[in-house]
1. On C-alpha positions alone, give me the angle between the axis of helix 33-45 and the longest principal axis of the chain, in degrees, nearest 10.
2. Suppose we look only past 12 Å in the calculated P(r) of the stretch 109-155. What percent of the Cα-Cα pairs does that tail hold?
3. When DSSP assigns beta bridges and you keep just the ones with both residues in the stretch 111-213, what percent turn out antiparallel, to the nearest 5?
4. Going down the list K143/K210; K91/K157; K19/K109; K28/K143, which pairs span over 30 Å between their C-alpha atoms?
5. What number, rounded to the nearest 500 deg cm²/dmol, is the helix-based mean residue ellipticity at 222 nm of the chain, given -39500 (n - 2.57) per DSSP H run of at least four residues and division by all its residues?
6. With unit charges on the beta carbons (Lys and Arg positive, Asp and Glu negative) and the dipole taken about the Cα centre of the chain, which residue among I222, G113, A20 sits farthest to the positive side?
7. Quick check for me: using +1 on Lys/Arg Cβ and -1 on Asp/Glu Cβ, what's the dipole size of the chain about its Cα centre, in debye to the nearest 20?
8. Tell me, which longest segment in the chain has none of the chymotrypsin sites (Phe, Trp or Tyr not before Pro) that fall in DSSP loops with at most 13 further Cβ atoms within 10 Å?
Amino acid sequence: MLTLERQLGIMEYIKENKKATVSELAEKYFNSEATIRRDLDALQFQGVIKRTYGGAVWLEGLDSEIPLYMREGEMRQEKEKIAQLAADMVKNGDVIILDSSSTTHEMVKYLRGKKNITVLTNGAKTALSLANLHISVFSTGGKLRENSLSYIGDIAKATVKNFCANKMFFSCRAISSTYGLMDSSIEEAELRRYMMAQSQSSILLCSDDKFEQSSFYHICDINRINCLVTNCQPPASILNLINEYDVQIVTP
């Protein structure tokens with residue numbers, strides 16, 4: 001098992017069980033306790049868990065953030081389906097905005113072959129991937145967040161305000177029928193609102209593990225989005241609001 005794959009598994013195990021010991025993780029993943037300790041140290045450095053004597057516990061804070069490289073490994077098949085559906089919505093000649101989420105980054109490879117499209121993004125990794133496809137790309141610039149490889153702050157906001165896009169594609173940390181769309185980062189949430197204001201259509205990419213969950217900071221209410229692209233039908237509590245607000249829903 002590769003190191004990243006093992007660490008993702010450890011992270012999910014601790015998240016589900018709230019805590020774990022080094023010995024049980026070593027037995028579960030058939031690795032030495034020394035290797036598991038290094039994995040836990042790496043996860044603690046990323047702010048995902050907290051090390052304890054003989055093990056680790058999950059960080060429960062709503063503002064805790066999973067690093068981008070780890071988010072890219074979560075719900076991989078579901079994100080692939082969502083990304084492909086979203087990319088199909090991009091038409092030749094479109095100006096689009098992509099946020100820095102792992103799901104919108106998955107869209108990039110499906111944009112190959114689109115003609116005369118222009119993309120604005122605050123995702124450093126997304127910008128590089130777009131450039132490799134020779135797609136016209138603009139970066140917001142701004143302060144770079146290490147965990148998410150995203151640009152934030154006043155410079156990013158000022159850049160976004162100079163653009164007018166046909167479509168904006170974005171994700172969130174959680175979506176709730178009570179609290180709407182939420183994220184773990186205040187700066188990311190605020191920038192997404194700027195992006196929505198500069199777009200004719202706001203399209204949320206959201207896997208089903210985020211339904212009826214909570215996070216730290218409010219992005220917007222469900223009625224502020226135009227379309228939800230997801231891997232399956234949301235629960236009735238969210239679906240009722242989507243229908244009430246006439247939000248389009250796209251599923252495989």
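Rule-based calculations on the coordinates, nothing more; no lab input. Predicted, not measured: the structure shown is a model, and the values here were computed from it. For neighbour counting, all protein chains shown are included, and Cβ atoms are generated from backbone atoms with ideal geometry for every residue, glycine included.
1. Helix 33-45 and the main axis of the chain meet at about 40 degrees.
2. Working: 638 of 1081 pairs.
Tail of the P(r) past 12 Å holds 59 percent of the pairs.
3. Working: 7 of 17 bridges.
Antiparallel bridges make up about 40 percent of those DSSP assigns within the stretch 111-213.
4. Values: K143/K210 27 Å; K91/K157 26 Å; K19/K109 37 Å; K28/K143 40 Å.
Distance filter (> 30 Å) returns K19/K109; K28/K143.
5. On the way: 10 runs with 95 residues, N = 252.
Mean residue ellipticity at 222 nm (helix-derived): -11000 deg cm²/dmol.
6. G113
7. On the way: 29 positive and 31 negative charges, 143 e Å.
Approximately 680 debye in magnitude.
8. Details: sites that count: F30, Y53, Y245.
Excluding the exposed sites themselves, the longest stretch runs over 54-244.
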